[in-house]
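Quick notes on the structure that follows.
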Amino acid sequence: MFNPGFYQDDDPMSGIFPPGMMGRAGGMQPRRFDEYYRCYPVAMLPGPERENVNHGGKVMMPPSALDKLTRLHITYPMLFELINGNKDAMTHAGVLEFIAEEGKIYLPYWMLETLSLEPGDLLQIKSTDLPSGQFVKLQAQSTSFLDISDPKAVLENAFRNFSCLTVGDIFTFAYNDSVYSMKVLETKPGIAAKGAISVLETDLEVDFAPPVGYEEPKRVSGTSTPRSTAGGLPAGGTLHNSGTMAQAINYASIAPTSSTAADGAKAVSSNFLLGGQKLNARKGSKAPTPKASTPVAGASTNPPATIRRTNGPQPLRLPPGKLFFGYEVKPVRKTGEQKEKVEDESKPKFQGQGQTLRGGLKRKGGEPDVVEKMVKGKEIEKKDPGAGGGQKLGGRTLRDTPK
């Protein structure tokens, strides 16, 4: 007497009894929502800009769709199949709001590209049920995704705008003023059409494939130090082979024991780097003439500041990403060596008798030294200033003249 298919579009008992009771009473099965709408991108939706909708997985439907869904036995959450029959393309989406104009549906732009649709094309919408997802494998479409410090937290925030995922879709999400594209490679359990899964109220395990265009860095074989040396390691530390870092940075000239490094450090640390000027310079002297101190326009009269450094190794100037561990290792002295060092320091530094000019020794043969003669001559003059005889024109001295 009761025909379950009598009411094709409207069921007057819908909403009065629970779906399970109606199914047990008349054997009715929940009918499926199936409609056609003109599709448009979310950017054309009247009102304020909705960036989260444009980078999400939900659509905007008209109020009539909500009225019809309430008359049908549709289970929550409301998920739909989006089918483009002309291109044989399909994806899945949820619904966000029912505020679109009648006969229109607004989609994120990436869905239009996935379904190969143009604004104004007809799109078939069917209600469906999807299993809760357990696993999904994603692939970034550019290497810029690797710049994100915490991709897990970013994707967790992005999935709040999605209700379901379909294998083969390339969805987009926004982060830090940038838009990233992500492709769905694999899902589990994958029992629905095209492996679609629901991402609502589920624990989802996410795996990543290498981004498109990513290349593994090439590893350079070889080491900077030899594996074995016949004579053992030198006292200064590790021995470097030819063509290694030691030659690349010219280690011989910057080592702490290098004479060039010590001279350079001494020159830099000196306070007197310029030549002196004499005030009483003669005409024929080679001293340079001081420059005029009159200030010149556009030039500073202050001398350039010099950086003082103590004696030691000169600073290394290596290219970015290169490290150097090659300074000499000074071994720690043992107890016996320290005692020997203390004994050496306690010995006097200068031994032997000193000699002065006044106490000069006589030369061989008994002849007095020249210095000794000079000293004795001065002493005689002090004792008797007039002891010396004068000279006459006749050739005799004053002492020989008779009185």
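The values are calculated or read from the model by the stated rules, or taken from the named source; none is laboratory data. Worth saying up front: this structure is predicted, and the values here are computed from it rather than measured. FYI the Cβ positions are ideal-geometry reconstructions off the backbone, even for glycines, and counts take in every protein chain you see. We work out accessible area using only protein heavy atoms, side chains counted, and drop any ligands, DNA or RNA first. Shrake-Rupley method; radii C 1.70, N 1.55, O 1.52, S 1.80 Å.
Assorted remarks:
- Local electrostatic count at E118 - Lys and Arg +1, Asp and Glu -1, tallied over other residues with Cβ under 12 Å: 0
- Per residue, the convex hull spanned by the Cα atoms of the stretch 50-153 measures out at 147 cubic angstrom.
- What the stretch 33-130 shows is 47 Å² of accessible area per residue, with the surface traced by a 1.4 Å probe over protein heavy atoms.
- Members of K87/K137; K58/K137; K104/K137; K152/K188; K58/K183 lying beyond 29 Å, as alpha-carbon distances in this model show: K104/K137
- In this structure the stretch 144-198 gives 50 Å² per residue of accessible area when probed at 1.4 Å with all protein chains present.
- The base-10 log of I(q)/I(0) for the stretch 108-149, evaluated at q = 0.13, 0.22, 0.28 Å⁻¹, reads -0.58, -0.97, -1.02 [Debye formula, identical scatterers on Cα atoms, solvent excluded].
- Amide H partners (placed H, <5 Å) of F33, local residues excluded: S127
- Charge tally in the Cβ shell below 11 Å around K188, where Lys, Arg are +1 and Asp, Glu are -1, K188 excluded: -2
- Percent accessible area from carbon and sulfur atoms, the stretch 100-189, protein chains only, probe 1.4 Å: 42
- Cβ-based net charge around V167, under 12 Å, with every Lys or Arg adding one and every Asp or Glu removing one: +2
- Amide H contacts for F324 (H built 1.01 Å from N in the peptide plane; partners 5 or more residues away or on another chain; cut-off under 5 Å): none found.
- 3J(HN,Hα) from dihedral phi, the stretch 192-203, Karplus parametrisation 6.51/-1.76/1.60, rounded to Hz, x for glycine, proline: 8, 5, 6, x, 6, 9, 9, 10, 8, 6, 8, 8
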